[in-house]
Amino acid sequence: MKEICIEDGFTLIKTHNKSETTKEVFKNVKTTCLQIHFCLHNSVKLLFNKGNYSVNIADHNSLLLYNPQQELPIHIELEAKAKLITLLITIEKFHTFFSNEAGLIHFLNEENKNKKYYKDKELATNEIIVLNQIFNFDLHVSLEKLYVKGKVFELISLYFHKPNNKGVEACPFLEDEDNVEKIQKAKNILISKMVEPPSLNELADASNLSLQNLKDGFKQVYGETVFAYLLNYKMEFARKLLASKKYNVAEISFEIGYSTPSHFIAAFKKKHGTTPKKYMSAL
């Protein structure tokens, strides 16, 4: 867990389970705090009442919690490789964001100030883009707080935005939702042809995108370059095949597009820190 103080009463927490096994994290939270959890990869489970009750947050979903009547410590169970962004905001600080627009948010009304509030929803593409930017930005450490602060306020604006009647959500980077669908199409093509992946130019043509829009858009939507995404997908796919214990290393290497097992072994070890054979024997 990495905590970044945005302002007094306002904290961002980035939690990343980099291991191959489920992990738990715990943090006490005051009753005056509103919690918003955004799951970016795999899934996480929020545990309550010493683990007797739980709420699952799936990949690309969010959960808002506020209960002024009871403490809700953060007790989270993260799947292998799961990524989570959490915002902790005191209700006093939160009111300052929306003092003139309290009608937008039900629990900010005076009559509801002492009532608990719960909201879960699937994340929109524009929210996912900003979350990936927060998680994966590559700037000098001295600029971290300034960059994250700007992105967090952008995220809050998008999260509480109510779309107009057109039903079209504006994307902060791509021109329109049609371009987002093209990026998603490019990802699907890439995965379907992972054994013999197309070149960037071929992928751009197949997705009806310019080369630059493909590269920039893919990074914005998925948080990494085209071929970095493909490599991570291959390694995770290989890890699941190894875990099934139905295939040997040579079979898996050819299944995901490596010409020789040695190349696959080297890539797997670089990604997961152990060889495929050792990983399988440790299960």
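Every read-out reported here was derived from the displayed coordinates using simple, explicitly stated rules and does not represent laboratory data. Everything numeric in this text was worked out from a predicted model, so none of it was measured. Cβ sites come from the backbone with ideal geometry, for glycine too, and all protein chains shown count toward neighbours.
Does the chain come out rounded, prolate or oblate, given a ≥ b ≥ c as the square roots of the eigenvalues of its C-alpha gyration tensor, rounded meaning a/c under 1.5 and, failing that, prolate meaning a/b above b/c? Before the final figure, lay out each step's value.
Numbers: a/c = 2.37, a/b = 1.47, b/c = 1.61.
In terms of gyration-tensor shape, oblate.
If I take every Cα pair under 8 Å that is 6 or more residues apart in the chain, average their sequence separation and divide by the length, what percent do I get for the relative contact order?
Computed over the chain, the figure is 14 percent.
Roughly how many whole Å is it from the C-alpha centroid of the range 17-82 to that of the range 192-248?
29
Helix 177-192: angle to the longest alpha-carbon principal axis of the chain, degrees 0 to 90, nearest 10?
40
Is the C-alpha gyration tensor of the range 228-281 telling us rounded, prolate or oblate? Criteria: a/c under 1.5 is rounded; beyond that, a/b larger than b/c is prolate, otherwise oblate.
Taking the square roots of the gyration eigenvalues as a ≥ b ≥ c, the range 228-281 is rounded.
Using a Gaussian network model on the chain with a 10 Å cutoff between Cα atoms, which of 222, 66, 247 fluctuates the most?
In this elastic network of the chain, the residue with the biggest mean-square fluctuation among 222, 66, 247 is 247.
Mind putting a number on the dipole of the chain about its Cα centre? Charges go on the C-beta only, +1 for Lys and Arg and -1 for Asp and Glu, and I need it in Debye to the nearest 20. Don't jump to the answer; show the numbers that get you there.
Values: 37 positive and 33 negative charges, 250 e Å.
That gives the chain a dipole magnitude of about 1200 debye.
Which of 263, 41, 140 ends up with the largest GNM mean-square fluctuation for the chain, with Cα atoms connected below 10 Å?
140
Report, in deg cm²/dmol and to the nearest 500, the calculated mean residue ellipticity at 222 nm for the chain, where each DSSP H run with n ≥ 4 adds -39500 (n - 2.57) and the sum is divided by the residue count.
Numbers: 10 runs with 114 residues, N = 283.
Result for the chain, helices only: -12500 deg cm²/dmol.
List the relative contact order of the range 177-223 as a percent without decimals, with contacts defined as Cα pairs under 8 Å and 6+ residues apart. List each step's numbers first, then the result.
On the way: 24 pairs, mean separation 20.9, N = 47.
Answer for the range 177-223 is 45 percent.
Going down the list 93/149; 83/219; 93/116; 45/278; 2/234; 234/271, which pairs span over 19 Å between their C-alpha atoms?
Numbers: 93/149 14 Å; 83/219 17 Å; 93/116 17 Å; 45/278 29 Å; 2/234 28 Å; 234/271 10 Å.
Pairs exceeding 19 Å: 45/278; 2/234.
Build a GNM of the chain with springs between Cα atoms under 10 Å: which of 122, 71, 79 gets the top mean-square fluctuation?
Sorting by GNM fluctuation, first place goes to 71.
Quick one: angle between helix 144-159 and the longest Cα principal axis of the chain, in degrees between 0 and 90, rounded to 10, please.
Around 80 degrees separate the two axes.
Which angle from 0 to 90°, rounded to the nearest 10, does the C-alpha axis of helix 261-272 make with the longest principal axis of the chain?
So the helix axis and the longest Cα principal axis differ by about 20 degrees.
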